[in-house]
Amino acid sequence: MNCINRIFLLIVAVITCSSVQAQKKLFTMAEATNGMAGTLQPKTIKQPTWEPGTSRLWQVVKTNNSEAWAVTSFSSKYSDTLLTLDALNKSTSLNLKALPVFTWLDKEYLYFTSGKDIEKGILTAKGLTWNKWCTTPDNADNITVDKSMQIAYTTDNNLWMVDKKNHSHQLTTDADKNILNGQAVHRNEFGIDKGIFFSPKGDLIAYYHMDQTMVNDYPVVDWSITPAKNTNIKYPMAGGTSHQAMLAVYNIATGKTVYMQTGEHKDHYLTCATWSPDEQYIYIAILNREQNHLWLNQYDAETGKVIKTLFEETDAKYVQPLHPLSFLPGSNDKFIWWSQRDGYMHLYLYNTNGKELRQLTRGTWVINEIAGFNQDGDKVIFTSSKESPLEKHAYTVNWNNGKVERIDKGAGMHTIIASEDGHYIYDSYTGAGVPRKCVVRSTDGNMATILVNAADPLKEYDRPTVKNITLKAADGKTDLYGKLILPINFDKSKKYPVIVYLYNGPNVQLIHNQFPESGNLWYEYMAQKGYIVFTMDGRGSSNRGLAFEQVTFRRLGDIEMADQLKGVDYLKTLPYVDASRMGVHGWSFGGFMTTSLMLKHPDVFKCAVAGGSVMDWKMYEVMYTERYMDTPEENPAGYENANLLDKVKNLKGKLLLIHGTNDDVVVWQNSIDFIKKCVDENVQVDYFVYPGHQHNVRGKDRVHLMQKISDYFDLYLK
């Protein structure tokens with residue numbers, strides 16, 4: 001080949017390569033914001049659910065531009081489609097556009113809701129038949145459907161039930177709207193997400209009864225109508241008067257209600273409520289208001305009297321109970337208890353006399369969930385961070401000898417659903433280079449069937465390079481994990497602006513081995529616009545053990561900022577980072593962190609966007625704040641140090657604050673008071689509110705939010 005031909009081919013190759021590169025797409029803001037939950041979501045299984053007592057996995061599938069409910073038996077290798085959307089609409093006289101969410105009650109019965117209607121399904125050898133079960137009132141909430149074929153719900157602040165004969169009964173009649181029944185208490189802390197607990201056989205209903213008449217009112221204004229309308233909520237702030245909760249038991253046969261006699265300290269916390277399998281007892285973990293002393297008590301469900309304290313747990317800083325008792329299959333006297341007593345969240349086997357039989361799991365890693373039991377194999381099925389704090393995997397542990405075995409494969413974040421008998425798990429996971437893989441596995445390791453191996457939905461996009469980063473914390477010894485997202489068409493000889501995204505608060509972890517590898521398409525959107533994005537979990541965040549989290553006790557913000565500044569130090573060592581053009585962004589605790597950095601280290605970041613920020617921890621709720629800070633009276637120096645309202649005058653860079661006007665988590669007054677301080681101190685700050693939104697901005701309006709944030713960084717960092 002002569003030289004001219006070689007040059008010609010080289011030119012063609014370069015043009016072709018450039019053409020291919022030019023065809024790569026950039027994310028729209030809508031895609032960057034909601035794409036991974038919508039148009040860019042990797043293929044997956046829709047509504048996977050195990051039929052109780054079987055190895056049959058059900059899922060919603062597409063058929064002829066419609067949907068159907070299909071079943072596969074993994075023991076008999078049988079598959080069939082038993083219900084189509086058209087057939088469901090005909091049999092129920094509904095006009096559903098998609099199949100609803102089906103929930104199994106037992107092997108024969110299931111139900112779904114459509115508006116206020118509850119439809120009951122019966123599965124027989126001939127197929128599925130449906131009939132209307134119940135229509136709940138328009139203002140019904142906390143709807144709880146039990147396998148005993150009974151329904152409970154709340155209307156306003158009172159509790160109702162529908163019995164097996166489909167008759168409605170009002171169980172409570174509290175006239176004061178600030179006395180609540182059947183609702184979650186303690187502002188959903190301590191893992192509490194419901195307030196109605198049917199007994200195992202359905203003969204009794206336990207429910208929370210909460211008196212919050214003594215709690216201060218807090219206004220939340222509806223601005224969508226004229227004139228605007230105020231609704232007062234009860235919001236107990238740190239150091240203030242808290243609500244008082246009790247646990248009641250209603251006997252369906254007699255119509256009588258008894259209250260568990262949980263003691264005289266009315267502002268303590270009632271957590272981990274659990275029925276005994278024989279319905280005779282209820283177990284409640286009583287946590288003192290100081291949150292440093294827990295008593296696991298057994299109560300007589302018929303009389304409400306305390307039978308005994310099984311054991312106590314104490315900690316110099318705090319105890320955080322998050323999970324009810326899990327009784328072993330077929331056992332009335334052995335249960336699993338979750339505890340961080342050895343420094344990491346692990347499982348302990350107890351009997352109902354309060355004797356610890358053995359610690360089931362141990363190590364420098366934490367348990368994430370109990371997924372079920374392999375009943376004939378004496379095994380608990382669970383997920384944990386055993387392989388890496390950046391991953392979640394599935395395991396079994398034998399409750400007789402403590403032997404732990406991993407039952408999944410593939411690096412990444414695994415979410416599992418166990419069959420009722422524990423013979424199989426549905427395993428859906430993502431990881432670096434794995435958009436989504438859905439596998440059914442036998443827990444004995446002898447079978448694995450891949451249901452979905454999703455293609456990369458982002459392959460047509462021009463995506464940035466993501467680097468996994470490990471740095472030492474400010475203590476010089478603790479590993480911290482982060483991600484560095486480089487701009488597309490990265491040129492190491494250039495200088496780039498940087499955005500640091502953070503949260504760094506309790507119970508949250510940002511960094512995982514997942515898809516997309518960046519963790520967030522908005523990071524990639526900004527990388528497409530020429531930014532470096534950096535994010536890192538510092539000490540105080542989740543999934544690393546008690547010492548890692550508790551190091552921030554009584555001094556929220558200090559240790560976290562010190563760790564995040566170690567990330568800044570690392571960024572400054574990179575020759576392609578423009579340290580004069582650095583921005584920071586976070587929401588909620590991340591908003592507190594963002595604002596703290598701008599006021600306490602004002603020379604580091606040129607601009608920032610803080611959303612839903614706590615500005616003064618005395619204005620945040622009792623349960624969360626007092627766990628990490630004690631009360632303002634006990635820890636005045638800690639509260640004063642974390643208070644951002646008296647540090648406004650330190651601001652040097654540009655700061656945009658954003659808040660939802662109906663925020664009932666971090667109340668709007670936090671940012672309003674901050675703005676007032678800015679006016680008083682003649683400090684300029686930017687501000688934007690989202691009318692009608694609560695603690696975050698969701699749905700279509702989130703696209704507007706992320707555009708505003710992006711534009712702000714463009715304005716001051718580009």
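Bear in mind that the values in this text are calculations on the coordinates, not laboratory data. Every value quoted in this text rests on a predicted model; they were computed, and no experiment measured them. Reconstructed Cβ throughout: ideal geometry from the backbone, glycine too, with neighbour counts over all protein chains shown.
Ordered by the count of other Cβ atoms within 10 Å of each Cβ, fewest first, D80, D300 give D80, D300.
Each label point was placed 7 Å from the Cα along the Cα-to-Cβ direction; for Q669 and Q41 their separation is 3.9 nm.
Placing a label point 7 Å from the Cα of S76 along the Cα-to-Cβ line, the residues of the range 407-428 whose backbone N sits under 20 Å from it are 419-425.
So how do 335-344, 98-107 stack up, highest first, on mean other-Cβ count within 10 Å? Don't skip to the answer; put the middle values down first.
On the way: 335-344: 19.6, 98-107: 15.4.
By packing density, highest mean first, the sequence is 335-344, 98-107.
Taking a ≥ b ≥ c as the square roots of the eigenvalues of the Cα gyration tensor, the chain is classed as oblate, since a/c reaches at least 1.5 and a/b does not exceed b/c. Stretched out straight at 0.36 nm per residue, the stretch from D117 to R358 would grow longer than its current Cα-Cα span by 82.1 nm.
When a footprinting reagent is the concern and you count Cβ atoms within 10 Å, what order do H167, H186, H704 take, fewest first?
H167, H704, H186
Can you tell me the relative contact order of the chain? Whole percent, Cα pairs under 8 Å, sequence separation 6 or more.
Details: 1645 pairs, mean separation 63.6, N = 718.
Dividing the mean separation by the residue count of the chain yields 9 percent.
A simple spin-label model places pseudo-atoms 7 Å from Cα toward Cβ; at Q375 and K97 they are separated by 4.1 nm. Each residue of the range 401-413 was assigned a 3J(HN,Hα) from its phi angle through the Karplus expression (A = 6.51, B = -1.76, C = 1.60, θ = phi - 60°), giving 10, x, 6, 9, 9, 7, 10, 10, 9, x, 5, x, 9 Hz with x at Gly and Pro.
Mean Kyte-Doolittle of at least 0.5 plus a Cα span of 15 Å or more along the axis: flag which DSSP H helices in the chain meet both, please. Display every interim value, and only then the final one.
Numbers: long enough: 3-23 (30 Å, 1.54); 558-573 (23 Å, -0.48); 589-600 (16 Å, 0.84); 669-680 (16 Å, -0.34); 701-717 (24 Å, -0.25).
What comes out of the filter, once short or polar helices are dropped, is 3-23, 589-600.
Model label points for N65 and K495, set 7 angstrom from Cα along the Cα-to-Cβ axis, are 5.9 nm apart.
Taking other C-beta atoms within 10 Å as the exposure proxy, L83, L651, L287 rank L651, L83, L287 from fewest upward. Here the calculated FRET efficiency for N251 and D211, from their Cβ-Cβ distance with R0 = 25 Å, stands at 0.65, rounded to the nearest 0.05. Taking amide H atoms as placed 1.01 Å from N in the peptide plane, the amide H of I307 lies under 5 Å from those of Q298, Y299, D300, each 5 or more residues away in sequence or on another chain. Helix content alone sets the calculated 222 nm mean residue ellipticity of the chain: runs of n ≥ 4 DSSP H residues at -39500 (n - 2.57) each, divided across all residues, give -5000 deg cm²/dmol. Looking at the range 589-692, the trypsin sites (Lys or Arg not before Pro) that sit in a DSSP loop and have at most 16 other Cβ atoms within 10 Å of their own Cβ are K652. Once the C-beta distance of K24 and A637 is scaled by a Förster radius of 51 Å, the resulting FRET efficiency is 0.40 to the nearest 0.05.
Overall shape: oblate for the range 136-309, with the ratio a/c of the largest to smallest alpha carbon gyration tensor axis at 1.5 or above and b/c at least equal to a/b.
What shape does the range 593-718 have by the C-alpha gyration tensor, where a ≥ b ≥ c are the square roots of the eigenvalues, rounded means a/c under 1.5, and otherwise prolate means a/b greater than b/c and oblate the rest? Present the calculation step by step, with values, prior to reporting the outcome.
Details: a/c = 2.01, a/b = 1.24, b/c = 1.62.
Judged from the Cα gyration tensor, the range 593-718 comes out oblate (a/c at least 1.5, b/c at or above a/b).
The simple Förster model, with R0 at 30 Å and r as the Cβ-Cβ distance, assigns V452 and N398 a FRET efficiency of 0.45.
How much length would be gained if the chain were fully extended between R341 and H265, taking 0.36 nm per residue of separation minus their Cα-Cα distance, in nm to one decimal?
Details: separation 76, 0.36 × 76 = 27.36 nm, distance 2.46 nm.
Result for the pair: 24.9 nm of gain on full extension.
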